[in-house]
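The values are calculated or read from the model by the stated rules, or taken from the named source; none is laboratory data. Since this is a predicted model, take the numbers as computed values, not measurements. Backbone-built Cβ (ideal geometry, glycine too); neighbour counts: all protein chains shown. Heads up: the accessible areas ignore ligands, DNA and RNA and are worked out on the full protein's heavy atoms, side chains in. Shrake-Rupley method; radii C 1.70, N 1.55, O 1.52, S 1.80 Å.
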Amino acid sequence: VEGGVSEKAFEYLLKLGEKAASIHADAQAIDYLNKALETAQETSSLATNQNLARIYKHRGIAWLGQDERTKARSDFDLMLQNATSIKDESMIAEAHYWLGSSYETYFGEMEEAMRHLSTAVEMARKAGNKPLEARCLHAIGYALVWDLDTTDEGRMRLEESSRLCKEVGDRITEASNLQTLGFYYNWKGEFNQAKENLKKALALAEEVGSIPLSLFKLWILSYA
């Protein structure tokens, strides 16, 4: 940045922002991505829809990590707008996924969340994007399982997501599915099944080396 080499500055700022967001270093991610956005806005060749969509996606994820849902939704909306401008169907589907995930589904915003997530599932299936489809099905299942009227439908979506996770090797989403299924069976009074699912979730979290996931699942398991 100080050397005035905008292209290189942007390249590294964007990579730094994406990496920071991926390891939940949310404040650092937001800082890097703000600088990347400033650099892009000062250099017209960098301010492409593709670049802007990437910035808004990862900054939105970082805002979500800080529970700043209004700011996250604003960024995911901008991600969707830029992806739509270049007709990038995969990124459009992902924008709908993140918009759906940004809504507090169990605090009265279920309809809006499900609208985006259902759109994301349809687009992911059409594009043959099984990893995204698995994540969308997890988000839908997680939302449905909290409501007594839809809890069994939620279980089916989680199981469908888990089948896809095994196929594509997504152990993190599979661990999240197993954890939520643990909740489901606990509420059903099937405590052995609940513990079995939670133990499998913990094993997967440890396998991928995620300390935050492992700690959270140990905490959940202690109450099962």
From the list A9, A21, exactly one residue is free of Cβ contacts under 8 Å to residues at least 60 places away in the same chain, part of a helix (DSSP H, G or I) and either within 18 Å of M79 (Cα to Cα) or among the basic types (K, R) (or both). Which is it? A21
Would the range 146-167 turn up any residue that is buried (at least 16 other Cβ atoms within 10 Å of the Cβ), farther than 20 Å from E111 by Cβ and of a type in the set (F, W, Y)? no
Residue hits (the range 7-22; open to solvent by 100 Å² or more (accessible area, probe 1.4 Å) and closer than 12 Å to H58 by Cβ) are K15, K19
Look at the range 166-193 and say how many of its residues are without any contact (Cβ under 8 Å) to a residue 24 or more places away in the chain, in a helix (DSSP H, G or I) and more than 19 Å from D149 (Cβ to Cβ). 3
Within the range 32-44, how many residues are surrounded by 15 or more Cβ atoms within 10 Å (Cβ to Cβ) and farther than 16 Å from A72 by Cβ? 5
Tell me the helices (runs of 4 or more DSSP H) entirely within the range 42-148 that contain at least 3 residues that are within 12 Å of the chain's Cα centre (by Cα). 49-65, 89-101, 130-145
